[in-house]
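**Q** Okay, here's the structure, questions in a sec.
Laboratory data are not the source of any read-out in this text; all were calculated from the coordinates shown. Computed from a prediction, not measured in an experiment: that's the story for all the values here. Don't worry about glycine lacking a Cβ; one is built from the backbone with ideal geometry, like all the others, and counts go over all protein chains shown.
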Amino acid sequence: MQVRLKSTWRSLLAGLLLLPVLALAADPIWIDVRSAGEWQSGHLEQALHVPHTEIGDRIADITADKDAPIYLYCRSGRRAGVAKEALEKLGYTNVTNVGGYEQAKAAVAGECEPASC
């Protein structure tokens, strides 16, 4: 009985120690802030579509975690920059303007880091 109890405690402790690592490994949220027509012409498979003019009103439906990694892209980076500012004003702390759609595709492909594509 004592051996089984020690094993159970070890497993529980190991699981608790792993929780922060799992939290850090959370998948980033990709958001395409372009128009509906641009979105329909092609977008990242994992991206959500939220036009930059709606980001402030809709972000809480996507995540309430203000520290969640959020990657924004548009055509050139300008609208993603506007959306980034809006999210930061709402208290989101981990928002990256990836730039344009081509840079976002390169980042997803692992050709560069999202912040420097």
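**Q** Among the residues of the stretch 67-76, how many are more than 14 Å from the chain's Cα centre (by Cα) and surrounded by fewer than 19 Cβ atoms within 10 Å (Cβ to Cβ)? Steps first, please.
**A** Of the stretch 67-76, the ones more than 14 Å from the chain's Cα centre (by Cα) are 74-76.
Now narrow it down to the ones that are surrounded by fewer than 19 Cβ atoms within 10 Å (Cβ to Cβ): 75-76.
Here the count works out to 2.
**Q** Does the stretch 71-78 include one or more residues that are touching a residue at least 12 places away in the same chain (Cβ under 8 Å), of a type in the set (Gly, Ala, Ser) and closer than 17 Å to Asp27 by Cα? Working first, answer last.
**A** Applying the first criterion (touching a residue at least 12 places away in the same chain (Cβ under 8 Å)) to the stretch 71-78 yields 71-77.
Add one more test, that the residue is of a type in the set (Gly, Ala, Ser), and what stays is 76-77.
This time we only want the ones that are closer than 17 Å to Asp27 by Cα, so: none.
Checked against the condition, which is being touching a residue at least 12 places away in the same chain (Cβ under 8 Å), of a type in the set (Gly, Ala, Ser) and closer than 17 Å to Asp27 by Cα, the stretch 71-78 yields no hits at all.
**Q** Being of a type in the set (A, V, I, L, M, F, W, C) and surrounded by fewer than 20 Cβ atoms within 10 Å (Cβ to Cβ) is the filter here; which residues of the stretch 88-107 pass it? Give the derivation first.
**A** Quick first cut of the stretch 88-107, residues of a type in the set (A, V, I, L, M, F, W, C) only: 90, 95, 98, 104, 106-107.
Leu90, Ala106 - these are the residues of the stretch 88-107 that are of a type in the set (A, V, I, L, M, F, W, C) and surrounded by fewer than 20 Cβ atoms within 10 Å (Cβ to Cβ).
**Q** Right, another one. Just to be sure before I move on: is Val95 in contact with a Leu (Cβ under 6 Å, 6 or more places away or on another chain) and among the β-branched types (Val, Ile, Thr) in the structure I sent?
**A** Taking the combined requirement at face value, the residue satisfies it.
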